[in-house]
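Trainee: First the structure, which I've put down as structure tokens, then a few questions once you've had a look.
The values are calculated or read from the model by the stated rules, or taken from the named source; none is laboratory data. Bear in mind that the values here come from a model prediction, so they are computed numbers and not experimental data. All Cβ positions, even for glycine, are placed from backbone atoms using ideal geometry, and neighbour counts span all protein chains on display. Keep in mind that these areas ignore ligands, DNA and RNA; they rest on the heavy atoms of the full protein, side chains included. Shrake-Rupley method; radii C 1.70, N 1.55, O 1.52, S 1.80 Å.
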Amino acid sequence: MEQSYADFEVIAVDDCSPDGCGAILDEYAARDPRVSVLHLPENVGLGRARNAGLPHATGDYLLFLDSDDTLTPGTFRALADRLDETADPDVLVFDYARTYWWGGTRRNALAHVLTEAGDGTFTAAEHPRILDLLMVVWNKVYRRVYVAEHDFRFPPGYYEDTPWTFPVMLSAGRIATLDRICLNYRQRRQGNILSTTSRKHFDIHDQYERVFAYVDHHPELAPWRPYLHRKMGEHCLDIL
């Protein structure tokens with residue numbers, strides 16, 4: 001709420017949380033008309049909670065902020081300026097830094113991929129290294145009309161970012177980058193799903209099935225199949 005660029009809306013989704021966050025959100029909404037709160041009657045998980053918030057968005061662009069991460073000062077102004085410079089791309093990819101519980105900070109090791117993309121816009125085919133970046137939802141902003149036209153949605157389960165990010169990036173006609181740390185990606189001592197042991201990690205197979213189903217319905221993306229198979233293998237090995 002302290003961002004210098006003030007023309008934004010916050011759609012806060014209370015996914016039937018067991019703590020007091022719902023009441024805290026309502027307090028913010030009462031103080032600031034830019035905040036609206038959506039209270040879900042039951043816990044539906046991260047992907048479906050994002051889906052629930054999507055229809056309430058009215059802005060030109062969408063940014064998904066996870067509940068434990070923070071935006072750096074000046075982020076919205078930098079994003080808005082870059083969107084103007086690149087004439088409203090479908091997707092704008094920005095940088096982040098990992099912040100650790102012991103106070104340390106480490107910038108994304110692949111930040112150079114953002115500068116290599118150049119000043120203009122491009123497609124994934126023109127700069128495939130953009131897909132080497134962390135394939136998550138929160139290091140990008142998305143043109144809302146582009147998302148609506150393609151009816152992009154998040155699936156249930158673990159690794160819900162995967163069937164969103166690959167289709168969004170592969171279908172985008174115009175992608176731009178911003179070589180700036182806009183988000184602090186909090187690294188907890190505990191709580192990250194990658195530090196857990198559970199059969200829920202097998203959801204990764206369902207998520208890649210959804211990716212390949214999308215490719216099947218878009219024949220122009222067929223040349224990406226070998227690449228996606230390789231990325232799937234790397235992802236599964238990381239999880240293992």
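Trainee: Highest first, please rank the peptides 88-97, 201-210 by the mean number of other Cβ atoms sitting within 10 Å of their residues.
Mentor: Highest mean packing first, the order is 88-97, 201-210.
Trainee: Nothing charged except the Cβ atoms of Lys and Arg (+1) and of Asp and Glu (-1): what's the magnitude of the dipole of the chain about its Cα centre? Round to the nearest 20 debye.
Mentor: The dipole magnitude comes to about 680 debye.
Trainee: Run the helix sum for the chain: -39,500 (n - 2.57) per DSSP H stretch of 4+ residues, divided by residue count, reported at 222 nm to the nearest 500 deg cm²/dmol.
Mentor: The per-residue figure over the chain is -10000 deg cm²/dmol.
Trainee: Next up: Considering the dipole of region 1-59 built from charges on the beta carbon (Lys and Arg +1, Asp and Glu -1) around the Cα centre, which of Ala6, Pro55, Pro33 is farthest to its positive end?
Mentor: It is Pro55.
Trainee: Quick one: net charge of Tyr5's neighbours, Cβ under 14 Å, K/R +1, D/E -1? Mind showing how you got there, number by number?
Mentor: Numbers: positive: Arg34, Arg77, Arg82, Arg180; negative: Glu2, Asp7, Glu9, Asp60, Asp81, Asp84.
So the surrounding residues net to -2.
Trainee: For region 97-240, what % of the accessible area comes from carbon and sulfur atoms, probe 1.4 Å? Before the final figure, lay out the partial values.
Mentor: Working: 4020 of 7670 Å².
Looking at region 97-240 in its full context, I get 52 percent from C and S.
Trainee: Apply the Karplus curve 6.51 cos²θ - 1.76 cosθ + 1.60, θ = phi - 60°, to the phi angles in region 167-183 and return the couplings in whole Hz, x for Gly and Pro.
Mentor: So the Karplus estimates, Gly and Pro as x, are x, 4, 6, 6, 8, 5, x, 9, 10, 10, 10, 9, 7, 8, 6, 9, 9 Hz.
Trainee: Hey, another quick one. Pairs of Cα atoms under 8 Å, at least six residues apart: use those to get the relative contact order of the chain, whole percent.
Mentor: Relative contact order here is 23 percent.
Trainee: Return one whole number: the accessible area per residue of region 60-189 in Å², for a 1.4 Å probe.
Mentor: Normalised by residue count, the accessible surface of region 60-189 is 43 Å².
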